[in-house]
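Engineer: Okay, handing you the structure first.
The values are calculated or read from the model by the stated rules, or taken from the named source; none is laboratory data. These numbers come from a predicted model, not from an experiment. All Cβ positions, even for glycine, are placed from backbone atoms using ideal geometry, and neighbour counts span all protein chains on display.
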Amino acid sequence: MFSIEMFFAIGLFTIGLYGVSSGRDFLRIFFSLEMLLNAVIMMLATTAHHLGMTENIVLAYMVMILATLEAAAGVLIFAVTNKITGAVIPDEIEREELS
Amino acid sequence: MTILLLTAVLILAAASLMLQRSVPAIISFAMMMFLLGIYYIGLDAKMLGLFQIFVYTGGIVVLMLFGVTIIGVEFPQARKRPWAAASALLVFILLSVLFYRTLPVLKMAADKPTEEIHLFAAGFSDVVILFALIGSSLLYGTVKMAGMLGAKRGSKSHQSGDKRREDV
């Protein structure tokens, strides 16, 4: 059961990685970043439960706090970039506009 | 039951990236986070599960809704990158192989009896410092960006005020 659950966590990580590397709009990149961090939290929780590594739960809380901060910073970066350049896709941004 | 739950999580995760309309994508993202919270509660990590539901299904989805107000109902079309799927598949295979190779070591470490009970911070003090550093830099970035956004809005409203005065 542990292996199957870890397999699902790796699957979630892969979906997140695909979302980030396919470089669509900002919102879907945020979704993907959250998925990446959630896959890590899932791995930590699964190992804590099945292998008795209870300290991993504390690490999971820490990753969750970082994910929350990352989402707040990310949305603000999106808002500022959109205000300056009017872009909603990273490909639309030109270097001169941001400098 | 757990496998069904986790399959639904993966399907909802893929749907939130594949859907072309932003509101259904956000709903599937929120559902995915909610199911993950249920999964954690099933793993006896009740507090983590409740945190997951409150923080993600509550807080972060509302933050994403702010993004929807900028993007609009439909996601814009972006350039296709065919190598993204291939590289993700490669990483999936690599991670799976790495996991199955380290599985015996993990199980051995779990079976080893702990000789002394120590505080979390004693064993993971470096990790705690690292997390604190990353967290504080993210917080600094958030405050800086909020300041930048406020300044940008201020200058825009100032410009529009000047224009109105010129028109008058």
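Engineer: Would you check if B:LEU65 is in a helix (DSSP H, G or I) and within 18 Å of A:SER32 (Cα to Cα)?
Structural biologist: Yes.
Engineer: Go through the stretch A:11-31 and count every residue that is among the small types (Gly, Ala, Ser) and more than 7 Å from chain B (Cβ to nearest Cβ).
Structural biologist: Qualifying residue count, the stretch A:11-31: 1.
Engineer: Within the bounds of the stretch B:132-150, is there any residue that is loosely packed, with under 11 Cβ neighbours inside 10 Å, more than 30 Å from B:MET64 (Cα to Cα) and modelled with pLDDT of 80 or more?
Structural biologist: No, the stretch B:132-150 contains no residue that is loosely packed, with under 11 Cβ neighbours inside 10 Å, more than 30 Å from B:MET64 (Cα to Cα) and modelled with pLDDT of 80 or more.
Engineer: Give the residues of the stretch B:6-48 that are surrounded by fewer than 18 Cβ atoms within 10 Å (Cβ to Cβ) and not in a helix (DSSP H, G or I), sorted by residue number.
Structural biologist: Listed by number, the residues that qualify are B:LEU19, B:GLN20, B:ARG21, B:ASP44.
Engineer: Under 8 Å between Cβ atoms, at least 6 apart or on separate chains: pull out the pairs that start in the stretch B:84-101 with a residue that is more than 7 Å from every other protein chain (Cβ to nearest Cβ) and end on any residue that is small (Gly, Ala, Ser) and assigned to a helix (DSSP H, G or I).
Structural biologist: B:TYR100/A:SER3
Here is a yes/no grid of residues against (1) under 26 Å from B:PHE131 (Cβ atoms); (2) in contact with a strand residue (DSSP E or B) (Cβ under 9 Å, 6 or more places away or on another chain); (3) at the interface with chain B (Cβ under 7 Å from one of its Cβ atoms):
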residue	(1), (2), (3)
A:ILE4	no, no, yes
A:ALA9	yes, no, no
A:LEU51	yes, no, yes
A:LEU66	yes, no, yes
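Engineer: In this structure, does A:LEU36 turn out to be over 22 Å from B:LYS46 (Cβ atoms), without any contact (Cβ under 8 Å) to a residue 40 or more places away in the chain and more than 7 Å from every other protein chain (Cβ to nearest Cβ)?
Structural biologist: It is true that A:LEU36 is over 22 Å from B:LYS46 (Cβ atoms), without any contact (Cβ under 8 Å) to a residue 40 or more places away in the chain and more than 7 Å from every other protein chain (Cβ to nearest Cβ).
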